[in-house]
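Each remark here refers to the structure printed beneath this line.
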Amino acid sequence: MAAYSFDRTSYESRIRWFQSARFGLFLHFGLYSIPARGEWVRSDEKMPESDYMPFFETFDPKQFDAKAWARAAKQAGMRYAVLTAKHHDGFCLFDSQYTDFKSTATPFGRDIVREFLDAFRSEGLRVGLYYSLLDWHHPDYPHFADRYHPMREDAAQTNENRNWDNYIAYYHNQVRELCTNYGRLDLLWFDFSYDHMRGETWHATQLMEMVRALQPEILIDNRLEVSGEGFGSLYNCCPTPYHGDFVTPEKMIPPHGLQDVENRDLCWESCVTMNNNWGYHRDDNHYKPASLIIKKLVECVSKGGNLILNVGPMGNGAFPPQSLATLRQIGDWMAVNSESIYSCGKAGLEKPDFGRFTRRGNTLYLHVYENSIGPLPVPQLRKSQIRSATRLFDGSEIQISTSWVHSDYPDVCFLDLGPDPVLPDAADTVLKIELKES
Ligand code: GLC
């Protein structure tokens, strides 16, 4: 296969569906879901493998139902989903021929990745797999003095006899399995680079030559180069063969969106937990209200980015009740307002006092979080620009106000939202403005 050379036209064609989809589901599920103290439990607690293996020996999530997961995601208005095929603990949710540390070798005995892909594709969602570059189970991955390994402080776990090339071959073979045996993948979400463990330490060029040969249209994130910190080589306008196709701000939203050093808009996706953990954490009940998540989805789109929202299924395979309830509430809002999200992006206007703008061509969406006293001022627009105005809630007309109360401001556009000070949607009432051709 010819050496990779970055072609902006084909890149922009590949990412088009992703930038239209705007809203995805992240799924963190595995052995760590049983101790239920987050997906880093082995590292956080410096847990020896011997204490972790009972979770492998008893793994049998009887309430796992990929179809139910997929229905919940679709109802929430999500357009794609990414499942952990292997997290840092090294446990594989797929039937890899290169390890027995896999779901098909547990009492559960099933290929969770395959069931996830089948179920989400059948609901019409695009599908991706998260694959951890770190591997705390593999004997050839650095242990002692590694930054994160659970045995990093155990001097008996020295690294003299560990063969890094063996680990590279192992993880490359697994990525080949995922790109070969499971049909078309839309996304590969690698995680994560740190210290000198980045780029060619992962043999990333060789990896991506293989991935692109097997899955030519696939999108990858930027974590073969960086982590949630750092932007990657597309940002620097000197793309490596393993450049991320999108930047992955984590548990935050970039203050002003993201542009490369030549001021081109970058493709990015904020990855956000519903509480504060990716993997299920039984005692973490700090769930974000649905109204906040809706506004954060709007914020990402208003800045030209995506939001991937995480659910950490419980050890029995079911979604936490709080997550399910939040997804339903988000879905109720998306059922009315999703046209202000899908295929929308930055409006090219100053952020309004009342909330945010999103835009698709000559259609501008006003996300009204807070009503005004009297007609709604929209100083960013001139009355002459407006062809029509409606509210998505019921499709009813929104009239340009002619009230005397704002007669001192003839150049400012004011919209008449009606006599009721309480807006139809307490979180975000969306108005749709069709602009005259500019
Ligand atoms: C961080 C965490 C990892 C999680 C990922 C999701 O890399 O270490 O546990 O899967 O973020 O973005």
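The values are calculated or read from the model by the stated rules, or taken from the named source; none is laboratory data. Fair warning: this is a prediction, and the values are worked out from it, not measured in the lab. Neighbour counts are summed over all protein chains in view; Cβ atoms, including those assigned to glycine, are modelled from backbone coordinates with ideal geometry. Note: areas computed on protein heavy atoms with side chains; ligands, DNA, RNA excluded. Shrake-Rupley method; radii C 1.70, N 1.55, O 1.52, S 1.80 Å.
Could you please find all residues in the stretch 295-346 being open to solvent by 10 Å² or more (accessible area, probe 1.4 Å) and hydrophobic (A, V, I, L, M, F, W, C)?
Residues satisfying the conditions are 314, 318, 319, 324, 325, 335, 336.
Quick one: would you say residue 95 is more than 16 Å from the ligand (Cβ to nearest atom), touching a strand residue (DSSP E or B) at 6+ places or on another chain (Cβ under 8 Å) and open to solvent by 50 Å² or more (accessible area, probe 1.4 Å)? Can you show your working first?
Values: more than 16 Å from the ligand (Cβ to nearest atom): yes; touching a strand residue (DSSP E or B) at 6+ places or on another chain (Cβ under 8 Å): yes; open to solvent by 50 Å² or more (accessible area, probe 1.4 Å): yes.
Considered against the rule, which asks whether it is more than 16 Å from the ligand (Cβ to nearest atom), touching a strand residue (DSSP E or B) at 6+ places or on another chain (Cβ under 8 Å) and open to solvent by 50 Å² or more (accessible area, probe 1.4 Å), residue 95 comes out as yes.
Among (1) of a type in the set (Lys, Arg); (2) at positive phi; (3) within 18 Å of the chain's Cα centre (by Cα), there is one condition residue 86 misses while meeting the rest; what is its number?
Among (1) of a type in the set (Lys, Arg); (2) at positive phi; (3) within 18 Å of the chain's Cα centre (by Cα), residue 86 violates only (2).
So which of 72, 76, 21, 36 ends up being in contact (Cβ under 8 Å) with a residue 24 or more places away in the chain, within 16 Å of the ligand (Cβ to nearest atom) and not charged (D, E, K, R)?
Working: 72 fails: within 16 Å of the ligand (Cβ to nearest atom); 76 fails: within 16 Å of the ligand (Cβ to nearest atom); 21 fails: within 16 Å of the ligand (Cβ to nearest atom).
Criteria check complete, one pass: 36.
Using the structure shown, decide if residue 345 is assigned by TED's automatic domain parsing to the domain that holds residue 189 and at pLDDT 95 or above.
no
Kindly indicate the residue of the stretch 183-215 that is within 16 Å of the ligand (Cβ to nearest atom) and open to solvent by 60 Å² or more (accessible area, probe 1.4 Å) and also nearest to residue 134 (Cα to Cα) among those meeting that condition. Step through it out loud before you land on a result.
Keep residues of the stretch 183-215 that are within 16 Å of the ligand (Cβ to nearest atom), which gives 187-195, 197-198, 202.
Adding the requirement that they be open to solvent by 60 Å² or more (accessible area, probe 1.4 Å) leaves 195, 198.
Details: 195: 12, 198: 11 Å.
Among those that are within 16 Å of the ligand (Cβ to nearest atom) and open to solvent by 60 Å² or more (accessible area, probe 1.4 Å), it is 198.
Each row is one residue, and each column tells you yes or no for (1) at pLDDT below 95; (2) out of contact with any Leu (no Cβ under 7 Å at 6 or more places or on another chain).
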site	(1), (2)
188	no, no
210	no, yes
225	no, yes
243	no, no
249	no, yes
253	no, yes
257	yes, yes
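Yes/no per residue for (1) out of contact with any strand residue (DSSP E or B) (no Cβ under 6 Å at 6 or more places or on another chain); (2) open to solvent by 40 Å² or more (accessible area, probe 1.4 Å):
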position	(1), (2)
366	no, no
369	no, yes
374	yes, yes
398	no, no
401	no, no
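Of all residues in the stretch 238-253 being in contact with a helix residue (DSSP H, G or I) (Cβ under 9 Å, 6 or more places away or on another chain) and within 16 Å of the ligand (Cβ to nearest atom), which is most open to solvent (accessible area, probe 1.4 Å)?
So the residue we want is 253.
Cβ-Cβ below 8 Å, separation at least six or inter-chain, first residue in the stretch 264-280 and among the acidic types (Asp, Glu), second near the ligand (Cβ under 9 Å from one of its atoms) and not in a loop (DSSP other than H, G, I, E, B): which pairs?
Sorted first by the residue in the stretch 264-280, then by its partner, the pairs are 269/221; 269/308.
Test residue 225 against the stated conditions and say whether it is assigned to a loop (DSSP other than H, G, I, E, B), closer than 23 Å to residue 5 by Cβ, in contact (Cβ under 8 Å) with a residue 24 or more places away in the chain and in contact with a His (Cβ under 8 Å, 6 or more places away or on another chain). It would help to see each step written out before you state the result.
Numbers: assigned to a loop (DSSP other than H, G, I, E, B): yes; closer than 23 Å to residue 5 by Cβ: yes; in contact (Cβ under 8 Å) with a residue 24 or more places away in the chain: yes; in contact with a His (Cβ under 8 Å, 6 or more places away or on another chain): yes.
Taking the combined requirement at face value, the residue satisfies it.
Between residues in the stretch 176-196 that are closer than 24 Å to residue 122 by Cα and residues that are away from the ligand (no atom under 16 Å from the Cβ) and of a type in the set (Ser, Thr, Tyr), which pairs lie under 7 Å by C-beta distance while being six or more apart or on different chains?
177/96
Just a yes or no: is a residue in the stretch 154-167 in the same structural domain as residue 270 (by TED's automatic domain parsing), among the charged types (D, E, K, R) and open to solvent by less than 50 Å² (accessible area, probe 1.4 Å)? Steps first, answer last, please.
Kept after step one, since they are in the same structural domain as residue 270 (by TED's automatic domain parsing), are these residues of the stretch 154-167: 154-167.
Among the residues that remain, those that are also among the charged types (D, E, K, R) are: 154, 160, 162, 165.
If we keep only those that are open to solvent by less than 50 Å² (accessible area, probe 1.4 Å) as well, we get none.
Looking for residues that are in the same structural domain as residue 270 (by TED's automatic domain parsing), among the charged types (D, E, K, R) and open to solvent by less than 50 Å² (accessible area, probe 1.4 Å), one finds none in the stretch 154-167, hence no.
Checking the structure you have, find out if any residue of the stretch 118-128 is surrounded by 20 or more Cβ atoms within 10 Å (Cβ to Cβ) and either part of a loop (DSSP other than H, G, I, E, B) or not assigned by TED's automatic domain parsing to the domain that holds residue 72 (or both).
First, pick out the residues of the stretch 118-128 that are surrounded by 20 or more Cβ atoms within 10 Å (Cβ to Cβ): 119-120, 125-128.
Of the ones still in play, those that are also either part of a loop (DSSP other than H, G, I, E, B) or not assigned by TED's automatic domain parsing to the domain that holds residue 72 (or both) are 125.
Within the stretch 118-128, one or more residues are surrounded by 20 or more Cβ atoms within 10 Å (Cβ to Cβ) and either part of a loop (DSSP other than H, G, I, E, B) or not assigned by TED's automatic domain parsing to the domain that holds residue 72 (or both).
Which of the numbered conditions does residue 379 fail, given that it passes all the others? Conditions: (1) under 30 Å from residue 130 (Cβ atoms); (2) in contact (Cβ under 8 Å) with a residue 12 or more places away in the chain; (3) more than 16 Å from the ligand (Cβ to nearest atom); (4) open to solvent by 10 Å² or more (accessible area, probe 1.4 Å).
(1)
Give the number of residues within the stretch 216-237 that are under 30 Å from residue 124 (Cβ atoms) and either more than 16 Å from the ligand (Cβ to nearest atom) or of a type in the set (Phe, Trp, Tyr) (or both).
Result for the stretch 216-237: 4.
How do the strands (runs of 3 or more DSSP E) wholly within the stretch 345-412 filter down when requiring 1 or more residues that are within 27 Å of the chain's Cα centre (by Cα) and on the phi > 0 side of the Ramachandran plot: which remain?
Values: elements: 355-360, 363-368, 376-378, 386-391.
Result: 355-360.
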